[in-house]
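Everything on this sheet refers to the single structure shown next.
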Amino acid sequence: MCAIDLLYWRNVKQSGAVFSSVLLLLFSLTQFSMVSVGAYLALAALSASISFRIYKSVLQAVQKTDEGHPFKSYLEMEIALSQDQISKYADKILLYSNTCMKELRRLFLVQDLIDSLKFAVLMWLLTYVGALFNGLTLLILAVVSMFTMPVVYEKHQAQIDQYVGLIRTQVNSVVGKIQAKIPGAKRKEE
């Protein structure tokens, strides 16, 4: 199952399990440190696997069967990363990092005045967001949005597209007026 199917709730049980697990983890992180949450999760997983292993061993002894280790297939599974996989991911990270650095250089050194002003406004707005919410709260809101917004958009796509079009028209009109009044601001060809 891919992430899109989870976000669109194609299988309600799997989406619910993933959504509730992620939210539980994030809410746990609001109360406990990441180290504590990680340790508790590891202890819970270890307790479950040890209990299952003991249960299967007792069951094999009582039924006098020889099924073997219950996790044998997982223990024999190859989990090492190949050099090609590591190289592929490293190349993607390098490309992303270089692209980000070039864009930040372009914005901070004011290659395009309008883009730099938009970035400044965004950073100014983020100071207010940062004053209202911490990073973990924003992450919780992002997870809730990821699991609700696609379904809402899918059900009400026509109305949402209509209002987004109106907003886009108004924003483009205001940006055009601002660009016309700022000397030296070049308009991008649309």
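The values are calculated or read from the model by the stated rules, or taken from the named source; none is laboratory data. This one's a predicted model, so the numbers in the text were calculated from it and none came from an experiment. A quick note on method: Cβ atoms are made from the backbone with ideal geometry, for glycine too, and the neighbour counts reach across all protein chains shown. Note: areas computed on protein heavy atoms with side chains; ligands, DNA, RNA excluded. Shrake-Rupley method; radii C 1.70, N 1.55, O 1.52, S 1.80 Å.
What about Tyr153, is it open to solvent by 90 Å² or more (accessible area, probe 1.4 Å) and hydroxyl-bearing (Ser, Thr, Tyr)? Considered against the rule, which asks whether it is open to solvent by 90 Å² or more (accessible area, probe 1.4 Å) and hydroxyl-bearing (Ser, Thr, Tyr), Tyr153 comes out as no. Scanning region 127-150 for residues being modelled with pLDDT under 90, of a type in the set (A, V, I, L, M, F, W, C) and open to solvent by 60 Å² or more (accessible area, probe 1.4 Å) gives a total of 4. Against the criterion of being modelled with pLDDT under 90, farther than 30 Å from Ala142 by Cα, open to solvent by less than 100 Å² (accessible area, probe 1.4 Å) and of a type in the set (Val, Ile, Thr), Thr65 qualifies. The C-beta contact set for region 159-174 (first residue over 22 Å from Met149 (Cα atoms) and exposed (fewer than 10 other Cβ atoms within 10 Å of the Cβ), second residue aliphatic (A, V, I, L, M) and at pLDDT 95 or above, distance under 7 angstrom, 6+ apart or interchain) is empty. Tell me whether region 52-62 contains one or more residues that are polar (S, T, N, Q), touching a residue at least 24 places away in the same chain (Cβ under 8 Å) and outside any loop (DSSP other than H, G, I, E, B). Within region 52-62 (the criterion being polar (S, T, N, Q), touching a residue at least 24 places away in the same chain (Cβ under 8 Å) and outside any loop (DSSP other than H, G, I, E, B)), the answer is no, since none of the residues qualifies.
Can we say Tyr74 is modelled with pLDDT under 95, surrounded by fewer than 11 Cβ atoms within 10 Å (Cβ to Cβ) and under 31 Å from the mean Cα position of the chain (by Cα)? The answer is yes for Tyr74. Exactly one residue out of Ile86, Ile54 is closer than 30 Å to Met146 by Cα and of a type in the set (A, V, I, L, M), and it is Ile86.
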